[in-house]
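A quick write-up on the structure given underneath.
The values are calculated or read from the model by the stated rules, or taken from the named source; none is laboratory data. All values reported here derive from a predicted model rather than from experimental measurement. Note: ideal-geometry Cβ built from the backbone for every residue, glycine included; neighbour counts use all protein chains shown. Ligands, DNA and RNA are stripped out before the accessible areas are found, and what is left, the full protein with its side chains, is counted by its heavy atoms. Shrake-Rupley method; radii C 1.70, N 1.55, O 1.52, S 1.80 Å.
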There are 2 protein chains.
Amino acid sequence: MRVEWINPFVTATCDVFRKTLACELTRCPMTRRDSFCPSHEVSGLIGLTGQAQGMVVVSLGRQTAIRVAEIMLETPQETINADVADAVGEIANMIAGSAKSRLAEYELSVGLPTVICGKNHVIAFPSKSTPVLIPFESNIGPFCLEVSLVEQAAGNPRC
Amino acid sequence: MRVEWINPFVTATCDVFRKTLACELTRCPMTRRDSFCPSHEVSGLIGLTGQAQGMVVVSLGRQTAIRVAEIMLETPQETINADVADAVGEIANMIAGSAKSRLAEYELSVGLPTVICGKNHVIAFPSKSTPVLIPFESNIGPFCLEVSLVEQAAGNPRC
């Protein structure tokens with residue numbers, strides 16, 4: 001993944017958490033994601049297509065995901081349910097949408113979010129891609145943004 | 001999801017399994033997917049955008065996923081590793097690509113596949129969508145195709 005693509009996703013994430021969840025973020029050191037490491041328990045995924053193709057993943061712990069839904073819906077949530085999944089999917093959707101507008105030259109389109117729930121689930125990106133993992137700290141708990149994006153140059157994808 | 005969208009995905013799946021894995025499929029009765037039911041252990045996801053937005057998921061048991069990679073790579077696989085994840089992602093990619101050509105009027109674009117590994121992981125689609133779950137039987141084991149696709153009518157999405 002090209003390094004100049006990272007900041008648009010970081011800025012999009014900070015904006016969405018600030019505006020939607022009234023939550024300021026601290027960005028932790030980024031790592032290359034090249035092993036089969038487990039994600040947090042709840043992951044919101046959304047596909048990107050256009051002049052670049054990819055997947056954006058927002059991965060949160062159980063309590064953080066529940067807190068996201070509580071803030072967005074203004075109602076207490078007991079457990080991971082359809083409302084929590086919808087809220088996490090909507091956060092992934094907003095981050096992808098905001099990053100899309102910051103990367104206008106790639107004419108990106110945003111897919112439909114999908115949410116994975118499960119202890120110790122592992123997200124494997126294609127080995128031809130070089131996804132980045134950006135951990136964040138927040139007052140509702142730590143979470144990670146993972147982005148895998150591959151540019152569509154004519155017959156010669158750049159990662 | 002519109003009923004006329006289902007057959008293109010079924011035909012695409014049968015074609016990909018026949019041509020890539022020399023594997024004939026038996027389609028089992030389709031169900032509406034409206035509960036938090038666990039998927040098989042390995043799921044390949046790929047986003048679709050265009051005149052409709054969605055996500056295609058191919059969900060396979062551990063041994064079926066390993067067998068897919070063994071057939072595609074012509075080498076034995078001991079466990080779920082990066083090669084197996086790549087093979088499952090490539091199957092999802094081929095199914096989405098084949099369905100895209102069968103739904104040309106929606107000008108679909110296909111994203112980058114991502115593979116989820118984990119016992120009892122649950123895939124939650126947006127509650128506004130009505131995903132379909134199509135189980136298949138094959139000589140390398142049972143698997144499921146799940147598709148969630150929402151048409152982009154001007155300001156009025158149809159599911």
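Here are the numbers for the structure shown:
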read-out: Filtered residues of segment B:78-126 (kept if of a type in the set (K, R) and over 22 Å from B:W5 (Cβ atoms)); value: B:K119
read-out: Scan of segment A:78-109 for residues that are within 7 Å of chain B (Cβ to nearest Cβ) and either of a type outside the set (D, E, K, R) or open to solvent by less than 40 Å² (accessible area, probe 1.4 Å) (or both), ordered by number; value: A:A82, A:A85, A:G89, A:S109
read-out: Hits in segment A:53-68 (condition: among the small types (G, A, S) and either part of a loop (DSSP other than H, G, I, E, B) or surrounded by fewer than 23 Cβ atoms within 10 Å (Cβ to Cβ) (or both)); value: A:G61
read-out: Residue satisfying all of: in segment A:115-141; more than 8 Å from chain B (Cβ to nearest Cβ) and assigned to a strand (DSSP E or B); farthest from A:Q53 (Cα to Cα) among these; value: A:E137
read-out: Residue under evaluation B:K128, criteria (1) touching a Cys at 6+ places or on another chain (Cβ under 9 Å); (2) of a type outside the set (G, A, S); (3) closer than 22 Å to A:L149 by Cβ, criterion not met; value: (3)
read-out: So B:F36, is it of a type in the set (F, W, Y), open to solvent by less than 70 Å² (accessible area, probe 1.4 Å) and either under 21 Å from A:T114 (Cβ atoms) or in a helix (DSSP H, G or I) (or both); value: no
read-out: Single residue of segment B:132-147 satisfying the filter (under 16 Å from B:I6 (Cβ atoms) and open to solvent by 10 Å² or more (accessible area, probe 1.4 Å)) that is nearest to the chain's Cα centre (by Cα); value: B:C144
read-out: Some residue of segment B:78-89 being out of contact with any helix residue (DSSP H, G or I) (no Cβ under 7 Å at 6 or more places or on another chain), under 23 Å from B:C37 (Cβ atoms) and assigned to a loop (DSSP other than H, G, I, E, B); value: no
read-out: Flag for B:V42 being within 13 Å of chain A (Cβ to nearest Cβ), in contact with a helix residue (DSSP H, G or I) (Cβ under 6 Å, 6 or more places away or on another chain), open to solvent by less than 60 Å² (accessible area, probe 1.4 Å) and closer than 20 Å to B:F136 by Cβ; value: yes
read-out: Selection status of B:S127, in contact with a helix residue (DSSP H, G or I) (Cβ under 6 Å, 6 or more places away or on another chain) and modelled with pLDDT under 95; value: yes
